[in-house]
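The values are calculated or read from the model by the stated rules, or taken from the named source; none is laboratory data. As the structure is a prediction and not an experimental result, all values here were calculated from the model. Neighbour counts run over all protein chains shown; Cβ positions are idealised from the backbone, glycine included. Each accessible area value is taken on the protein alone, full model and side chains, heavy atoms only, with ligands, DNA and RNA left out. Shrake-Rupley method; radii C 1.70, N 1.55, O 1.52, S 1.80 Å.
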Amino acid sequence: MTHPPTVDERRLSPRVRRLIADAGPLVALIVLIVVFAVANPVFVSPGNIGILLSQAAVPLVIATGLTFVILLGGIDLSIEGVVATSSLVFALTVANDRNDLALGLFGALLAVLAGSVFGLANGLANVKLGIPSFMATLGLGAVGIGIATVLFAGRSPRVLDSGMRMLGQGSTLGIANIFLIAVLVLVIGWFVQRFTRLGRYGYVIGGDEAVARLSGVRVGRYKIGAFVLGGTASGIAGVLLGSQLGVGMPTIGSGTMFTAITAVVLGGTLLTGGRGGVLRSFVGVLIIVVLANGLILIGVNPYAQVAVQGLVIIAAVVATGWRLRTRVRIIK
Amino acid sequence: MTLMNRRTDEAAADPSTAALRAIVPATGRSWRDRLTPLIPLVVLIALVLVITIKQPNFLSLYSMRGLLESVAPLLLLALGQMFVILTGGIDLAFAAVASFGTVLLALWIPDMGPGGIVLALLVTSLIGFVNGFVVAKAQVPSFIVTLGALGLYSGIGLWISGASTIRLSEGYDVVGWLADLRIAQLPASGLLAIVIAVVIAVLMGTLRRGRALHALGLAEPAVLMSGISTVRLRILAFTLSGLFSGLAAVMLVALQRSGGPSLADSMQLPAIAAVVIGGTAITGGVGGAMKTLVGALIIVVLRVGLSAVGVDPAWEQVFYGAVIVAAVALTIDRSRLRSIK
């Protein structure tokens with residue numbers, strides 16, 4: 001840990017650096033909004049802001065859950081698979097055109113629960129089998145896509161329950177329902193992070209797992225808990241997407257994982273764990289959504305968006321980890 | 001390092017090698033350590049036997065041809081991935097880079113002929129080089145850098161191809177021989193891929209620095225202190241991964257007569273599964289080209305076998321996922337992970 005201070009660190013006091021790290025994403029968000037508003041006034045029209053909020057909903061739900069996993073230094077690559085399975089469980093248990101089940105809200109709960117089960121499996125594979133999380137979740141994500149493909153059976157089941165469709169399509173007081181649900185998830189996430197052992201110990205474990213272990217924290221169960229939160233969030237996202245599109249399908253979640261990881265990293269949660277939080281991820285989600293929406297409004301090819309997000313992920317992790325680089329570490 | 005030079009692939013497959021002895025207390029070779037490397041080969045033979053009993057024409061010339069053709073791109077991708085996994089990292093972008101490569105080939109071959117192939121291989125190698133450079137220089141975990149690269153290159157691929165498949169008619173002969181040529185009545189594509197695997201195994205076993213990637217995965221501080229540049233080694237592994245993604249792209253374009261922005265994407269999981277199921281540990285340091293060959297054959301035989309037994313192909317993904325988790329759980333070396341993230 002004792003390394004000669006780099007030029008960078010000598011010039012800036014720790015407080016200034018902390019301030020830049022904390023306010024950076026928010027400043028970036030405001031700059032982006034101003035730039036797009038000047039480039040195309042439609043960007044700040046009430047109609048487009050409504051679109052922005054409903055576009056932010058699903059990434060916000062997923063990013064909130066993912067933040068807990070990344071805070072522990074882990075990663076969840078199973079998101080798209082879990083979202084797919086959850087959307088199909090949802091579409092097949094509420095009133096639909098495939099079977100006679102019409103469980104309503106209970107069907108939505110079952111779908112969320114399916115996400116939690118995947119989260120539990122991720123956590124058990126990581127903690128009990130000792131498989132690094134990127135590998136365990138990559139494998140279980142494939143299982144999720146597979147189960148979704150089996151349930152899909154070649155044709156999308158359509159959701160016929162009008163109440164459940166309103167969940168994703170309707171709005172309350174002019175604000176899209178799915179955004180309200182996403183904000184509710186964010187608030188719950190913030191409470192868990194702030195006031196529960198799961199949240200508080202997350203910082204300790206992510207900061208230094210060995211120290212946490214030596215202090216008597218039961219690291220394993222809190223890690224599993226974080227993965228369950230991540231899986232549950234993906235389950236909720238599956239329900240929201242299924243309700244919004246009115247179908248369940250294996251590819252329904254494609255692109256969601258990418259957006260969520262970019263958002264969490266951009267918001268300032270360190271991939272190495274120990275620093276960050278759900279509110280930062282909220283700022284990250286808004287940056288991504290504003291960027292995606294704004295680029296389309298000024299006429300950038302939509303496929304270039306994926307490329308831009310890829311570049312943003314790399315740039316963000318390099319930038320946030322740059323200061324730690326001088327230590328001789330082993331990074332795989 | 002001298003001890004590491006003269007080892008054959010089988011000896012390195014064994015976890016109780018010289019480098020490990022220094023780390024792991026000398027408990028001797030347990031039966032488990034000796035038998036584990038043989039499991040994949042036994043599984044492969046058992047699979048072939050079971051399927052032959054169910055479907056006697058499985059060993060026919062016709063089905064062997066199909067098997068060899070489908071193993072070719074998969075094996076090339078898996079070999080590229082193997083170099084990175086040997087160092088203890090992972091390249092999640094490799095299948096997307098191969099897809100991107102098929103788009104480049106389909107766009108360039110009609111105008112440039114063989115030059116287009118060389119250029120495409122250079123580009124995919126350069127992509128690997130850049131990935132390795134960022135991982136090694138910025139010290140960012142490889143999975144996140146390559147995840148970003150996956151988005152970057154599939155985005156560019158979709159963009160320049162207009163998100164559609166590009167048929168290759170003019171100039172197809174430049175790669176067409178790969179699909180048409182038969183050696184002893186068997187497709188040259190599959191045989192060529194297998195020969196490449198054998199050559200890699202021989203080179204890694206005989207070259208003076210052939211086992212440097214294993215050493216990097218096994219004991220990075222030791223490599224660093226012995227004066228070898230770990231940065232260059234890591235970049236080399238990723239560059240090779242990029243090159244092999246390009247080779248797989250050439251093979252795919254030859255077999256499919258077209259290039260497409262997501263042509264190779266579905267091979268990401270089977271190729272990673274082939275590497276880990278063959279016995280290469282994702283903790284790095286243990287594994288090799290022959291193990292990867294066995295792994296790729298297991299995947300292809302199983303795919304044929306599952307449909308022969310009448311399993312719905314929809315279950316394939318479930319199966320790959322479960323196999324990856326199970327194989328990693330069996331081959332991982334937990335003693336070398338301080339904390340599992």
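Worth a mention:
- Long hydrophobic helices in chain B: the complete DSSP H runs spanning 18 Å or more by Cα along their own axis with mean Kyte-Doolittle hydropathy of at least -0.5 are B:39-54, B:61-86, B:94-112, B:114-138, B:142-161, B:188-206, B:230-256, B:289-309, B:316-331.
- A Cα-only calculation for the range B:62-265 places Rg and Dmax at 17.4, 54 Å.
- Order by protection proxy (mean Cβ within 10 Å, highest first), peptides A:286-294, A:260-268: A:260-268, A:286-294
- From the C-alpha gyration tensor of the protein assembly as shown, square roots of 5λ in Å: 38, 31, 26
- Residues A:ARG218 and B:VAL199, FRET efficiency given R0 of 56 Å [Cβ-Cβ distance, rounded to 0.05]: 0.65
- Put the Cα centre of the range A:215-272 next to the Cα centre of the range A:27-90 and the gap is 12 Å.
- As a calculated quantity, the FRET efficiency between B:LEU126 and A:SER162 at R0 = 45 Å, using C-beta atoms, amounts to about 0.25.
- Charge sum, other residues only, whose C-beta stays under 13 Å from A:VAL159's C-beta, Lys/Arg counted +1 and Asp/Glu -1: +1
- Peptide A:296-306 - average C-beta neighbours from other chains (10 Å radius): 4
- Inter-chain Cβ neighbour count for B:158-169, averaged per residue, equals 2 (cutoff 10 Å, partner chain atoms only).
- Inverse mean reciprocal Cα-Cα distance (Kirkwood Rh) of the range B:32-87, Å: 13.6 Å
- The B:LYS137 and A:ASP97 beta-carbon pair, evaluated with R₀ = 56 Å, returns a calculated FRET efficiency of approximately 0.55.
- Between A:GLY273 and A:GLY73, the built amide H atoms are under 5 Å apart, and every one of these is 5 or more places off in sequence or on another chain.
- 3J(HN,Hα) along the range A:274-287, derived from phi through the Karplus expression 6.51 cos²θ - 1.76 cosθ + 1.60 where θ = phi - 60°, amounts to x, 10, x, x, 5, 5, 4, 5, 4, 4, x, 4, 4, 4 Hz, with x in place of Gly and Pro.
- Contact surface B-A: accessible area buried, both sides summed, square angstrom, 1.4 angstrom probe: 4200 Å²
- The share of Cα pairs per 20 Å bin across the range A:7-326, counted from zero up to the longest distance, runs 32, 57, 10, 0 percent.
- Distance between the C-alpha centres of the range B:202-240 and the range A:289-307: 41 Å, rounded to the whole angstrom.
- Here is the P(r) of the range A:119-179: all C-alpha pair distances, binned every 10 Å from 0, give 19, 24, 26, 26, 5 in whole percents.
- Taken per residue, the accessible surface of chain B reaches 41 Å², heavy atoms only and a 1.4 Å probe.
- The separation of the range B:36-87 from the range B:116-184, counted between C-alpha centres, amounts to 25 Å.
- Average Cα contact separation per residue, the range A:7-326, under 8 Å, 6 or more apart, as relative contact order %: 32 percent
- The residues of the range A:1-149 expose, per residue, 43 Å² of accessible area to a 1.4 Å probe.
- Size descriptor, Kirkwood hydrodynamic radius, that averages inverse alpha-carbon separations across chain B, Å: 20.5 Å
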